[in-house]
Amino acid sequence: MVLVSKYLVPKGFRGITLFPFIILRHAEDKSNEVLMNHERIHLRQQVELLVLPFYLLYFLEWLVRFCYFHNSYVAYIMLSFEKEAYRNEDDLSYLKKRKPYQFLRYL
């Protein structure tokens, strides 16, 4: 389900996925296929990790990378979950052929 709220999406971002919702800052982004594919990749990651462990792993990986890079944005970009989503967001058929736990390839 897609929601639109500029208050729930952190500044500097266009969308966020909080299972089972994709939350967008702007309604016109509903038609942005690349952004929607990126967020759907995150939904798949969350489902395969049974949601709560996804958030725990996401935070722990971010924390480790933040300690290493001393930069919150770089830590975010270097997350395995984000690498998978960013590198495959342009491939609109990616989720049809994606194997489970593909984010592990980006650790």
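Each reported figure results from applying straightforward, stated rules to the coordinates on display, with no laboratory input. Model, not experiment: these values are computed from the prediction. FYI the Cβ positions are ideal-geometry reconstructions off the backbone, even for glycines, and counts take in every protein chain you see.
Take segment 63-94 and flag every residue that is among the charged types (D, E, K, R), assigned to a helix (DSSP H, G or I) and closer than 15 Å to L35 by Cα. Lay out the reasoning, then the answer.
The initial filter retains those residues of segment 63-94 that are among the charged types (D, E, K, R), namely 65, 82-84, 87, 89-91.
Among the residues that remain, those that are also assigned to a helix (DSSP H, G or I) are: 65, 82-84, 87.
Scanning segment 63-94 gives E82, K83, E84, R87.
Scan segment 15-39 residue by residue and report those that are among the basic types (K, R) and crowded, with 18+ Cβ neighbours inside 10 Å.
Result: R25, single match.
Give me the pairs, please: first residue somewhere in segment 64-93 and in contact (Cβ under 8 Å) with a residue 40 or more places away in the chain, second residue anywhere and in a helix (DSSP H, G or I) and exposed (fewer than 14 other Cβ atoms within 10 Å of the Cβ), beta-carbon distance under 7 Å, and either six or more positions apart or on two chains.
E89/V34; D90/V34; L92/E33
Only residues that are touching a helix residue (DSSP H, G or I) at 6+ places or on another chain (Cβ under 8 Å), of a type in the set (A, V, I, L, M) and assigned to a helix (DSSP H, G or I): list them for segment 20-40, please.
L35, M36
Here's the yes/no breakdown for (1) part of a strand (DSSP E or B); (2) surrounded by fewer than 17 Cβ atoms within 10 Å (Cβ to Cβ); (3) in contact (Cβ under 8 Å) with a residue 12 or more places away in the chain:
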site: F13; (1), (2), (3): no, yes, yes
site: H42; (1), (2), (3): no, no, yes
site: F59; (1), (2), (3): no, yes, no
site: K99; (1), (2), (3): no, yes, no
